[in-house]
Amino acid sequence: MAGYIISIIGGKGGVGKSQFAANLAFAMAAEDRQKVLLLDFDQRASGDQTLITGMKSKKNLKELSEFSGSIDPRSFQTFYAPLKNNVTTINMPNDPLLADQIDVEGLGKVLKAVPNIFPLTIIDVGGDLSPLALKALEYSTLIFLVVSPDVLAVNQSKRLFSNLVTMLFPKDMIQVVLNQMTKGHPVSPDVVGKQIGKPPFFVLPKDDASCTMALNKKMPVLLINRNSAFSKGMIECVRKIKQKNVLKILDKLNKPDTSKATQTDEKSQDASKGLTPWIDLKSRIHKSLVEEMDLKKTMDSEGDEKAKSILREQTKKLVVELLSKEDTKGIINSRDDMNKIVKEVIDEALGLGPLEDMLRDKSISEIMVNGPHMIYYEQDGKNKLSDIVFTNDRQVLNVIERIVAPIGRRIDEKTPYVDARLEDGSRVHAIIPPCAIDGCTITIRKFPENRLSYKDLIKFGSLTENMADFLRMAVEAHKNIVVSGGTGSGKTTLINMLGAFIPANERIITCEDSAELDLPQEHVVRLETRPPTLEGDGAIDIRCLVKQTLRMKPDRIIVGECRGGETLDMLQAMNTGHDGSLTTVHSNSPRDCISRLETLVNYAGIGLPQKAIREMIASAVHLVVQQSRLEDGSRRIMNITEISGMQGDVITLQDIFVFKQEGIDRSGKVTGKFQATGFIPKFVETMERKGYRIPRGIFSNDDNSPEKEPAKKVSKPGQKPSPPAKNPAPKPGSKKNKTG
């Protein structure tokens, strides 16, 4: 039969924890007439057990933690001290620096093997919940929390007890020992029990004379004077442990039958077939939690990380207490099960429920909830079905309400849809019954943790370095750019990249339905639309915001997406001194983008002639950047196209860069290459007249083409522009670049 491990911990120094641990080892050895191992895990008071017991081990704990061989009775004998009254010990290094270098995982392997060598192991853990202390507690059968009748000691012990319970150590496993007690002391055992939340298991009398004499002789009190008050108290404590079969009972508590542990995942995945015991238990705990706590107050902690952390810890303690009152036999079969159900209840109560893990997974770019029992996610450009489910439709609705409430949005039967964002900027769209037939639907497009730069997009194969150089020059030269593409094609990522090219000394104003743009500049004003109030008024749309920007002295205007009458205001701004503006449009090609802009202008209800609208577009927009999502899930810039003017009633377009798809390889990846058409945009000569030096090599497909460095501008006022490249540019509007 495997042995037991008892850990001794104290909330404050001076409570007699180490003295209790050493004498407990000798008392247990004397009563049971069996070998006892005493381990010193107290890194702060390294060497105390050597002074208390007078025993020095052959090797210390650091050397034991670094032992790579198998732990068996023969190899283990080379570490511990010679037996004294059936007790042996392994000491902590006397040097605190060496004590801090102990391999915690190495000692974990030792603690796993020790019960097969010694019937009983006593560990002096110390007063901190350090990684080494937690490793000892993890393998313990019983934890003794030693406290003295002192207000500060009781308060610290209360904190320690609460932390242990929060860490899911069962309350029955933690027993309080009141040490150094004197008759008539105001801090009585009842007071200690009420303060900590658990009555003392045993009360040891104060016996300073015996303890001081034992320390001076470097021997345990039990070996110096077995008839002292302290020694008699230790023996009674040991007998109480034996009489109540404490270790046997706790051993069953901490080592349950794990044969059913694997059923937990199956239970959580079977929600669609009805309430399983696991889900039913979660529902009961969540209901009790709502009754105990006002979860609506959690909104007050939005944005305050410290308040959130405190609230989460308080909730965790309450969930553990509620679970301790439930009959969890056959449902919670291991510590992992306990951790899992506590986490799920807390995520559901304070977070976004089952979506929390998916939001933390950096490899997932989009989450799609199609009702409570069907959740898809996008990973590596592919949609995959998750095995995570919600308990019911009410839980999904709770998640939606928790998302929209902090930003002042609402969702109900009158307005059953909403656009919102998470705290990190991730875009959220939700729609509920009666519009969503199969249950509440949520779509979350995750915001990247790190802002993607043009170098990242080049690395991903979305564009080439020459294309990035050209786009940077166009942005710096205040050219108006429209990013075109379908849903999920990467328009927002691309416009973020283009916005990053804007010089830091310019004032940027952004207008969005849901704030997603993340620009590196400091001088950025972010505007966001607002839905109507419950009375149906007070709505502020994109068009209204665009009009407001014109009165805010913008150097650049960036509209997240043009989808209505704001397109007219945007084009007018581009035509009236606000060059360098950026926006996105939903369309499948540059030509479709022009048609889409024409249609959107008509949404303004002005009734302009078609030709006038086209002339406005031709003079306002300089470039269309077409972004697409290909069959393999990759995003690429398919076209960079210049709007070169009007021919009759038709807007003329000229591709500068294109992506030519060649096929699909065996792994399903799209193959192809980016090509420059050889056309040099009209505005290149305009830029050169302003002092920019434009490398012609970026418009060539020749890898050995001259000059690929970025465009440069003359630094001194009045200085002549740098000489042009060796081969002059063709006349604007020519179809081919003669330099090749």
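Each reported figure results from applying straightforward, stated rules to the coordinates on display, with no laboratory input. Predicted model, so just to flag it, every value in this text is computed and none were measured. Here the Cβ is made from the backbone with ideal geometry for all residues, glycine too, and neighbour counts use every protein chain on show.
Between the stretch 332-406 and the stretch 64-102, how far is it from one alpha carbon centroid to the other, in angstrom? If you average the Cα positions of each part, the centres end up 46 Å apart.
A simple rule links phi to the HN-Hα coupling: the Karplus curve 6.51 cos²θ - 1.76 cosθ + 1.60 with θ = phi - 60°, which for the stretch 147-161 gives 9, 9, x, 9, 4, 5, 5, 5, 5, 5, 5, 4, 4, 5, 4 Hz, with x for Gly and Pro.
Going by how many other Cβ atoms sit within 10 Å of their own, how do S309, S628, S157 line up, fewest first?
Values: S309 11, S628 19, S157 27.
Listed from fewest to most nearby Cβ atoms, that is S309, S628, S157.
Considering only alpha-carbon pairs that sit under 8 angstrom and 6 or more positions apart, the relative contact order computed for the chain is 7 percent. Taking every Cα-Cα distance in the stretch 50-95 and sorting them into 5 Å bins starting at zero, the pair-distance distribution P(r) comes out as 5, 21, 32, 23, 13, 5, 0 percent. Rounded to the nearest 10 degrees, the inclination of helix 104-113 to the longest alpha-carbon principal axis of the chain is 50 degrees.
What relative contact order, as a whole-number percentage, does the stretch 454-677 give when Cα pairs under 8 Å and 6 or more residues apart are counted? List each step's numbers first, then the result.
Working: 444 pairs, mean separation 45.7, N = 224.
About 20 percent, as a whole number.
As a ratio to 2.2 N^0.38 Å, the alpha-carbon radius of gyration computed for the chain takes the value 1.33. Computed from backbone phi with θ = phi - 60° and the Karplus coefficients 6.51, -1.76 and 1.60, the 3J(HN,Hα) list for the stretch 436-442 is 8, 5, 8, x, 4, 10, 10 Hz; x is used for glycine and proline.
Tally the DSSP beta bridges in the chain and give the antiparallel ones as a percent, rounded to 5. Mind showing how you got there, number by number?
Working: 50 of 99 bridges.
Approximately 50 percent, going by the DSSP bridge assignments.
Rounded if a/c is under 1.5, else prolate if a/b is larger than b/c, else oblate: which is the stretch 1-77, with a ≥ b ≥ c the root eigenvalues of its Cα gyration tensor? Oblate shape, in that a/c is at least 1.5 and b/c is the bigger or equal ratio.
In the chain, a dipole from Cβ-located charges (positive for Lys and Arg, negative for Asp and Glu) runs towards its positive end, and of N245, V601, V525 it is N245 whose Cα lies farthest in that direction.
What's the whole-number percent of alpha carbon pairs in the stretch 531-590 lying beyond 13 angstrom? Please report the intermediate quantities before stating the final value.
On the way: 1126 of 1770 pairs.
Roughly 64 percent, rounded to a whole number.
Between the Cα long axis of helix 491-500 and the first principal axis of the chain there is an angle of about 90°, rounded to the nearest 10. Once Rg and the Kirkwood radius are both taken over the C-alpha atoms of the stretch 406-473, their ratio Rg/Rh works out to 1.23. Distances between every pair of Cα atoms in the stretch 4-254, grouped in 5 Å steps from 0 to the bin holding the largest one, split as 1, 6, 14, 19, 21, 18, 12, 6, 2, 0, 0 percent.
Structure note, pairs K112/K362; K158/K217; K112/K282; K316/K340: Cα-Cα distances above 23 angstrom occur for K112/K362; K158/K217; K112/K282.
Residues whose amide H comes within less than 5 Å of that of T652, counting only those at least five positions distant or on another chain, are S644, G645, M646, Q647 (H built at 1.01 Å from N in the peptide plane). With θ taken as phi - 60° and the Karplus curve 6.51 cos²θ - 1.76 cosθ + 1.60 applied, the whole-hertz 3J(HN,Hα) list for the stretch 192-209 is 4, x, 5, 5, 6, x, 7, x, x, 6, 8, 10, 9, x, 7, 8, 4, 4 Hz, x standing for glycine and proline. Note on the stretch 454-677: Lys pairs 8 or more places apart or on different chains, Cα atoms under 25 Å apart, count 20. Here's how it looks for R421: its modeled amide H is under 5 Å from those of V428, which are all 5 or more places away or on a different chain. A 30 angstrom limit on the alpha carbon distance is what I want to check against. Which of K84/K232; K198/K248; K206/K252; K135/K384 exceed it? Correct reply: K206/K252; K135/K384.
Note on the stretch 573-616: Rg/Rh from Cα positions, Kirkwood definition for Rh, rounded to two decimals, is 0.97. A Cβ-based charge dipole, computed about the Cα centre of the stretch 4-254 with Lys and Arg at +1 and Asp and Glu at -1, lands at about 720 debye.
Only bridges with both residues in the stretch 1-137 count here: give the DSSP antiparallel percent, nearest 5. Let's see the in-between values first.
On the way: 1 of 16 bridges.
Once the DSSP bridges in the stretch 1-137 are tallied, antiparallel ones form about 5 percent.
Counting only GluC sites (Glu not before Pro) that are in a DSSP loop and have at most 11 other C-beta atoms within 10 Å, tell me the longest site-free stretch of the chain. With GluC sites (Glu not before Pro) excluded where exposed in loops, the chain gives 1-412 as its longest stretch.
The stretch 454-677: D in µm²/s via Stokes-Einstein (Kirkwood Rh, Cα pairs, 25 °C, 0.890 mPa s)?
Working: Rh = 18.1 Å.
Diffusion coefficient, whole number: 136 µm²/s.
Cross-linked pairs K35/K62; K12/K240; K17/K58; K62/K343; K59/K240: Cα-Cα separations exceed 28 Å for K62/K343; K59/K240.
May I ask you to compute the full-extension gain from Y603 to K673, defined as 0.36 nm times their residue separation minus their alpha-carbon distance, rounded to one decimal in nm? So the extension gain works out to 21.4 nm.
Please rank K12, K232, K17, fewest neighbouring Cβ atoms within 10 Å first, as an exposure proxy. Present the calculation step by step, with values, prior to reporting the outcome.
Values: K12 19, K232 16, K17 28.
Going from sparsest to densest Cβ surroundings: K232, K12, K17.
Dipole of the stretch 4-254 computed with +1 at Lys/Arg Cβ and -1 at Asp/Glu Cβ about the Cα centre; of L24, G184, I143, farthest Cα towards the positive end is G184. Per-residue Cβ neighbour counts within 10 Å put V559, V483, V165 in the sequence V165, V483, V559, beginning with the fewest. Distances between placed amide hydrogens fall under 5 Å for R507 paired with D555, R556, all partners being 5 or more residues away or on another chain. Cross-link partners of K682 among aspartates and glutamates, defined as those whose alpha carbon lies under 15 angstrom from its own and excluding same-chain residues fewer than eight positions apart: E642, D655.
Over the residues of the stretch 455-516, compute the C-alpha Rg and express it relative to 2.2 N^0.38 Å. Let's see the in-between values first.
Working: Rg = 12.3 Å, N = 62, 2.2 N^0.38 = 10.6 Å.
Computed over Cα atoms of the stretch 455-516, the ratio equals 1.17.
Report summary: the helix-based calculation at 222 nm, which adds -39500 (n - 2.57) for every DSSP H run with n ≥ 4 and divides by the residues of the chain, gives -11000 deg cm²/dmol.
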